[in-house]
Amino acid sequence: MHETTFVMKPKQTIREAFIEASSFLTECAVTEPQRSAQLLLAHVLGLEGAAYYMALPDPFPEERKSLWEQAITRRGAGEPVQYITREQEFYGIPFEVTPAVLIPRPETELLVEAMLMQAKRLWPEGAAPSRSEGGALRPLECADIGTGSGAIAVTLALQAPRWHVRASDISDGALQVAARNAAANGAQVAFLEGNLLEPFAGEWLDIIVSNPPYIPAADIAGLQREVRDHEPRTALDGGTDGLGPYRIMMEQLPLLKAPPRLIGFELGQGQAQDVAELLRAAGHWDEIIIVPDLAGIERHVLGVSNRL
Ligand code: GLN
């Protein structure tokens, strides 16, 4: 059995401290031990880019020793780097992350892109015709369902400042993180607590976007430990076949004044045909679009209605 608490040797350079921590993390069998050590070292020392490399020959600062030991010990126990640094970038925007929220993934950036692109096609003015006769343009009503850190909602609010963006989550802890992320990035987003579409009952939505939990419950045990033991189970568990949240959202659609003209979901490997079928069965969308991610996995399913 290897050591589980990391204690650094005294009087080392920053480079030696990095090498020592990398080999500790390698023994702990965490993923990407060297990259983890580098990210945590830069975080603990408050150094970025070239300044980090320039500092490598310097003595390790004594006053950062206990922070460094704690960070490496936590990473050695499998905690993701992002929960230790409390930060993950998404779409070039800094997001605070805590164990109350899923760490935003790069493939979700493509969902944001796809939504912006389809919205531009449906509403070239970036706004919708008023619902009352002869009225002026009104802002598009967009809802991010199961917002977690707020990554999708905050990014859309910043990219499409004319939209009215709201977001729901069942977790109050997640909503607190999401609200801080909106405020810190100067995004206008309203946050509502509740299960999926439920907080929007009786309302009008033009756009729904969601990256809900979609892992089949029985598969959670087989995930890498960084995810399984540290990311929130509510953010992962999609019920027996992983499709529970999509089905519930389709069942909740009649709660809205009308189905949204644009809907977009993220999903797991092998789920695209099933989710596309759920959208087809709902009968509201004329076009069902399946978008692959950069690894070629069918990752997003969009529904577009051409009817006004
Ligand atoms: N919508 C958030 C994200 O994309 C949270 C997703 C989740 O927790 N399932 O990062």
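The values are calculated or read from the model by the stated rules, or taken from the named source; none is laboratory data. Just so it is clear, the structure is predicted and the values come from calculations on it, not from any experiment. FYI the Cβ positions are ideal-geometry reconstructions off the backbone, even for glycines, and counts take in every protein chain you see.
Here are the numbers for this structure:
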{"item": "From S22, S36, S66, residue being under 14 Å from V7 (Cα atoms), touching a residue at least 12 places away in the same chain (Cβ under 8 Å) and of a type outside the set (D, E, K, R)", "result": "S22"}
{"item": "Strands (runs of 3 or more DSSP E) wholly inside the range 55-160 that include at least 3 residues being under 30 Å from I288 (Cβ atoms)", "result": "141-145"}
{"item": "Residue in the range 238-249 that is nearest to R74 (Cα to Cα), counting only those that are surrounded by fewer than 18 Cβ atoms within 10 Å (Cβ to Cβ) and touching a helix residue (DSSP H, G or I) at 6+ places or on another chain (Cβ under 7 Å)", "result": "G239"}
{"item": "Residues that are in contact with a Cys (Cβ under 8 Å, 6 or more places away or on another chain) and either closer than 17 Å to E226 by Cβ or crowded, with 16+ Cβ neighbours inside 10 Å (or both), drawn from the range 1-57", "result": "T4"}
{"item": "Condition met for E141 (more than 16 Å from the ligand (Cβ to nearest atom), closer than 30 Å to P232 by Cβ and buried (at least 17 other Cβ atoms within 10 Å of the Cβ))", "result": "yes"}
{"item": "The range 147-183, subset β-branched (V, I, T) and touching a helix residue (DSSP H, G or I) at 6+ places or on another chain (Cβ under 7 Å), residue farthest from L111 (Cα to Cα)", "result": "I170"}
{"item": "Exclusive hit being without any contact (Cβ under 8 Å) to a residue 24 or more places away in the chain and under 25 Å from the mean Cα position of the chain (by Cα), set A51, A42", "result": "A42"}
{"item": "Test: residue in the range 119-128 that is within 15 Å of the ligand (Cβ to nearest atom), crowded, with 23+ Cβ neighbours inside 10 Å and on the phi < 0 side of the Ramachandran plot", "result": "no"}
{"item": "Helices (runs of 4 or more DSSP H) lying entirely in the range 168-287 (those with 3 or more residues that are within 16 Å of the ligand (Cβ to nearest atom) and hydrophobic (A, V, I, L, M, F, W, C))", "result": "172-184"}
{"item": "Hey, G264 free of Cβ contacts under 8 Å to residues at least 40 places away in the same chain, crowded, with 17+ Cβ neighbours inside 10 Å and closer than 26 Å to V97 by Cβ or not", "result": "no"}
{"item": "Test: residue in the range 62-84 that is within 26 Å of F265 (Cβ to Cβ), aliphatic (A, V, I, L, M) and away from the ligand (no atom under 16 Å from the Cβ)", "result": "no"}
{"item": "All positions within the range 85-110 that are within 10 Å of the ligand (Cβ to nearest atom) and of a type in the set (S, T, Y)", "result": "T108"}
{"item": "Unique match (being within 11 Å of the ligand (Cβ to nearest atom), at pLDDT 95 or above and not basic (K, R)) among A114, A153", "result": "A153"}
